[in-house]
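A short reminder: the numbers here are calculations on the coordinates, not readings from a lab. Here the structure is a predicted model, which is why all the values come from computation and not from measurement. FYI the Cβ positions are ideal-geometry reconstructions off the backbone, even for glycines, and counts take in every protein chain you see.
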Amino acid sequence: MTNPGTPPAPRVILITGASSGIGAATARLLAGSARLVLVARRREQLAEVVRGVVESGGEAHGIVADLAEVEVPIKVVDQAVERFGTIDALVNNAGLFATAAIGAIASDQLDLMWRLNVRAPLLLTQAALPHLRGRQGGTIVNVSSHAATEAFTGCGAYCASKAALEAWSRVLREELRGTNVRVGIVAPGATDTAAWPATTSAAMRARMCRPDDVAQAIRWVLDAPATASIDRLVVMPPGGAL
């Protein structure tokens, strides 16, 4: 039996794509204020992020997983619940950014982008929803892109995948109206992460948002009061789209 004077345990937040970029920045930002389940493919980099959270006084559990595999999302949710007992929030951040002209994109690359950018968030959400529904103020944050609503040459497949993610997010939000589960979209513009080619110039990177900027937006959606739903939040470089 819980002592009435005992403060509630910190939220359990599952973050995908947590080994670098926006996911790692979000983990660092939330360290100490939440119990984190951090998911990524790259074992060593993920372990480093987990170690940084713990060293800063936070609590984190790392799960090495390839979310492009159809059976993996439900296993990830099961492991998160086994570790912390529940899930209060899900940040679907993992994704693939690749460029190619419409006539040049390879079918295997198109398939991988679709599995990671669209199917994985959907399956993770399906698995997490029973736990989120049981919480006070469950939140789903889907990290999309400014490219979901704008046309960028060479980004046809990527734009399509993010547009699909946003369309599904809108339907999910409507299906969950009247419950205690909110669905928010964070749509960054160009952000300086490892997703960009190594040949990207320093001058171009200097014009981009930083992962910490997007992490702040994700935290804002997560921390919104129960009386508000942040449906879509766009984070752009001050100079505009690149």
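Considering the options Ile63, Thr86, Gly21, tell which one lies farthest towards the positive end of the dipole of segment 11-235, charges being +1 on Lys and Arg and -1 on Asp and Glu at the Cβ, about the Cα centre.
About the Cα centre, the residue reaching furthest to the positive side is Thr86.
Report the charge-dipole magnitude of the chain in Debye, nearest 20, computed about the Cα centre from +1 at each Lys and Arg Cβ and -1 at each Asp and Glu Cβ. Can you show the working numbers first?
Details: 23 positive and 21 negative charges, 62 e Å.
It works out to roughly 300 debye.
How far is it, in nm, from the label point at Ser56 to the one at Arg177 when both lie 7 Å from their Cα along the line to the Cβ?
3.7 nm
Could you give the size of the charge dipole of segment 63-155 about its Cα centre, using +1 on the Cβ of each K and R and -1 on the Cβ of each D and E, expressed in debye and rounded to the nearest 20?
280 debye
Give me the net charge for the shell around Asp111: Cβ to Cβ below 15 angstrom, other residues only, Lys and Arg +1, Asp and Glu -1. Kindly include the intermediate steps, with their values, before the conclusion.
Working: positive: Arg115, Arg119; negative: Asp66, Glu69, Asp108.
Every neighbour counted, the sum reads -1.
Stokes-Einstein at 25 °C, 0.890 mPa s, Kirkwood radius from Cα pairs: D for segment 11-235 in µm² s⁻¹? Kindly include the intermediate steps, with their values, before the conclusion.
Working: Rh = 17.5 Å.
D, rounded to a whole number, is 140 µm²/s.
Mind giving me the nanometre distance, one decimal, between the label points for Ala224 and Leu112, set 7 Å out from Cα along Cα→Cβ?
3.4 nm
Just the projected area, averaged over all directions, of the convex hull on the alpha carbon atoms of segment 23-123: how many nm²?
Numbers: hull surface 27.8 nm².
With the hull built on Cα positions only, its mean projection is 7.0 nm².
With springs connecting C-alpha atoms under 10 Å apart, model the chain as a Gaussian network and identify which of Ala187, Ala228, Ala127 has the largest mean-square fluctuation.
Of Ala187, Ala228, Ala127, the Gaussian network model singles out Ala228 as fluctuating most.
What are the ³J(HN,Hα) couplings of segment 157-171, residue after residue, when phi is run through the Karplus curve with 6.51, -1.76, 1.60 and θ = phi - 60°? Round to Hz, x for glycine and proline.
5, 5, 4, 5, 5, 6, 5, 5, 4, 5, 4, 5, 4, 5, 5
Picking from Val183, Ala148, Leu129, whose Cα lies most toward the positive end of the charge dipole for segment 123-242 (charges on Cβ: Lys, Arg +1; Asp, Glu -1)?
Leu129
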